[in-house]
Amino acid sequence: MRTRTALKVAAALFAGTLLFAACSSDSDDDASTTTEAPAETTTTVAADDAAADQDIVETAVAAGDFTTLATALDAAGLTETLQGEGPFTVFAPTDDAFAALPAGALDDLLADPEALANVLTYHVVDGDVMSTALSDGMEVEALNGDTPTITIDGDTVKVNDATVTTADIETSNGVIHVIDTVLLPPAN
């Protein structure tokens, strides 16, 4: 079950990162919020209506700024999971976010598929979680079982220490929020 969840998270993460090409302002009316994420927190990227017809992985690959994420998803065996039915919410780090990891950290993760899957599934949440459903202090349960924390300060939305640079990229099997930092799960 944990492996399936990790696969789902990794897949969602990959898809989220690649969904960089399309943005949406749809909201989730079922979720209660205390602070709505401001529209200014999203970076507008050239809209691509095809993204809603593509899964998370296809969207990410088409975006071109998530090659490291795509490689990591493949190495962790999570690509097929994130191409599955979903829905998933992926907090997707860009290539620049992966490049900012300490020297050797990415190579170490790529050499350890189980640890890599744990990191990638920390970026994925089960279900569609649009930015309007996020609230300050909210904890979301990642597919790996850990709980990253959402903070909202003015126009800035963060997941732990990562800033959301583009939000609400809808795909056929979920939503992607692009982030500027790779999230690392807490040490157990």
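Computed from the coordinates by the stated procedures, all read-outs in this text should not be read as laboratory data. Everything numeric here is computed off the predicted structure, so don't read it as measured data. A quick note on method: Cβ atoms are made from the backbone with ideal geometry, for glycine too, and the neighbour counts reach across all protein chains shown.
A simple charge model with +1 on the Cβ of Lys and Arg, -1 on the Cβ of Asp and Glu and nothing else charged puts the dipole of region 46-115 at about 140 debye relative to its Cα centre. Is region 103-188 rounded, prolate or oblate when judged by the Cα gyration tensor, a ≥ b ≥ c being the square roots of its eigenvalues, rounded requiring a/c under 1.5 and prolate requiring a/b larger than b/c? In terms of gyration-tensor shape, prolate.
Highest mean packing first, where packing is the average number of other Cβ atoms within 10 Å per residue, the peptides 99-106, 82-89, 168-175, 138-145 line up as 168-175, 82-89, 138-145, 99-106. When you restrict to C-alpha pairs under 8 Å that are six or more residues apart and normalise by the size of region 103-188, the relative contact order lands at 22 percent.
Note that region 98-107 has calculated 3J(HN,Hα) couplings of 5, 5, 7, 5, x, 3, x, 5, 5, 4 Hz, one per residue in order, obtained from phi through the Karplus relation 6.51 cos²θ - 1.76 cosθ + 1.60 (θ = phi - 60°); glycine and proline are x. Amide H contacts of Ile179 (H built 1.01 Å from N, in plane; Pro and chain starts excluded): Ala92, Thr94, Thr165 sit under 5 Å, all sequence-distant by 5 or more or on other chains.
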